[in-house]
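Structure record follows, encoded as structure tokens.
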Amino acid sequence: MGLLPTARPPILLTAAVVLLSVACKPSGDGVIALEGATLIDGSGGDPVKDAVILVKNGRIEAVARVNEIAVPRGAQTISLIGKTVIPGLIDAHAHAERWAAERYVAWGVTTVRDLGAMTTDSAMALRNDWNLGAELGPRVLTAGGMIDGVPPTYPTATGVASAGAARKAVDQRAVAGTDLLKIYTKITPLLLKPLMDEASTLRLRVAAHLGKTDAVSAARAGVASLEHMAGVVQAAARNPAPYVNAHDRFLTGWTLEESGWASLDSASVARVARVLAATQVAVVPTLVLHETLARLDNPTLLLRPGMEDVPASAASVRDVPGLLKRTRWRAADFQAFRRARPRQDQFVREFKRAGGLLAAGSDAANQLLVPGLSLHEEMSLLVAAGLTPLEAITAATRKGAQLLRADSLGLLAPGKVADLVVLDGDPIKGIAATRRIASVMVRGRLIQPDSLRRTWGK
Ligand SMILES: [Zn+2]
């Protein structure tokens, strides 16, 4: 939908403004007018030059082109000529940690979908602090603690071994008030059925990091999203049994599945992508996770720009030796992971071509995945895999909002939440420009990333 109104409404609007200014005081108090930027509104439509965005009380009041609407007298006008405005970014696969709150904001991430390994209680406490503004941070929608088979991969997850236990784990999260559910690798098709039944009764959507269930079976059972594209290898391989069995031990399963992509033929990958797109399941590929695992033997990653945002104490990001010790990954494993990457990219392309919903997610905070920065790396990798820059931005904005069923997010239009990012460059010419952030608006409050960087970690 274009932003250009027909000839009549501006005249009517101008008349209304004149009448209003005669009848009462101008209503520009508390209005912020962002003027002159090129607008990418998140819908996937073409960028609009010379845009004006009126913001009031944390919401967008109007979006138009300069001179098409009157900026109310008394409004705070901010010139953004030469800049590009995009919606606040949504990280569709995050593991939110408290230290990362301002880092997310500084990188333009204003919403995270928390698929945490923490307990449900700690996730709910963090959600309250960030959402209610006790701490400056992105909006959080959280799955609480994960639901896994037995024994659970992480001690903080709930391990379930029966249909009754699966239903109970869902109920506990519904009572606690989580926004969604996250299931993990050891959930079998037998456990998935009662779990999905209970989740549907309680209207909780399910994010699936699969292992012992293949992607097509899970999508047909009704999961909302496939995280990391896990379960695709099981669905595309001629013999899925070795993968399914390997997931009895988490890292063995992950290692085998990650390498397994390289053994898939392109026709099977295309077929599974089309079947999945037809089920309406969303895919959160987290290419940045796959790319990072494939390059974990490269010590320069620890020194790349952006790592300075990570405090020395953040083991989740910095402890690469610890992960290598647990995984015992060797040079041959990293080579296998690298051979897998083109097939993963092909899957993303085919899924997109078939009309599937792709949402950008990072998996940060995790080894070498920096909260905030890694979502920009994900957008770059989505473009490298075959999306246009506009499609990559949409995957990190509107598509993420669709996955969250959060209608007021991810789109810059009247009535939506005023979360947006002001860029110095033009991301359509080069997606890396999303990293050149001039300012970030969170619920109508304009923030300079540099002012945050000056204070954190001190
Ligand atoms: Zn994750």
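What follows draws every value from the coordinates through simple rules; no lab data is involved. Keep in mind the model is a prediction, meaning the values are calculated, not measured. Cβ: placed from backbone, ideal geometry, glycine included. Neighbour counts: every protein chain shown.
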Placed amide H near residue 37: partners under 5 Å, 5+ positions off or other chain: 51, 80
Computed magnitude of the charge dipole of segment 89-404 (debye, nearest 20; Cβ of K, R +1, Cβ of D, E -1): 780
Interchain or long-range residues, amide H under 5 Å from residue 369's placed H: none
Whole-Hz ³J(HN,Hα) from phi, Karplus 6.51 cos²θ - 1.76 cosθ + 1.60, for segment 252-264, glycine and proline x: 5, x, 4, 4, 5, 5, 4, 6, x, 3, 5, 8, 7
Cβ-based net charge around residue 344, under 12 Å, with every Lys or Arg adding one and every Asp or Glu removing one: 0
Charge tally in the Cβ shell below 12 Å around residue 425, where Lys, Arg are +1 and Asp, Glu are -1, residue 425 excluded: +2
Nearest 10 degrees, 0 to 90: helix 189-201 Cα axis against the chain principal axis: 30
Rh by Kirkwood over Cα pairs, then Stokes-Einstein D for the chain at 0.692 mPa s and 37 °C, µm²/s: 144
Total formal charge among the other residues, if their Cβ is under 14 angstrom from that of residue 306, Lys/Arg +1 and Asp/Glu -1: +2
Gap separating the Cα centres of segment 292-370 and segment 192-238, nearest whole Å: 23
Separation in nanometres of the label points that stand 7 Å from Cα toward Cβ, at residue 265 and residue 327: 3.0
Extension gain from residue 298 to residue 57, taking 0.36 nm per residue of separation minus the Cα-Cα distance: 82.1 nm
Label-zone membership for segment 165-184, site residue 131, 7 angstrom Cα→C-beta point, backbone N under 16 Å: 173-182
Listed pairs 182/429; 182/352; 352/416; 168/325; 83/182 exceeding 29 Å between Cα atoms: 182/429; 168/325; 83/182
³J(HN,Hα) computed for each position of segment 301-314 - Karplus, 6.51 cos²θ - 1.76 cosθ + 1.60, integer Hz, glycine/proline x: 4, 5, 10, 6, x, x, 5, 5, 6, 9, x, 4, 7, 7
Counting DSSP beta bridges with both ends in the chain, the antiparallel % (nearest 5): 50
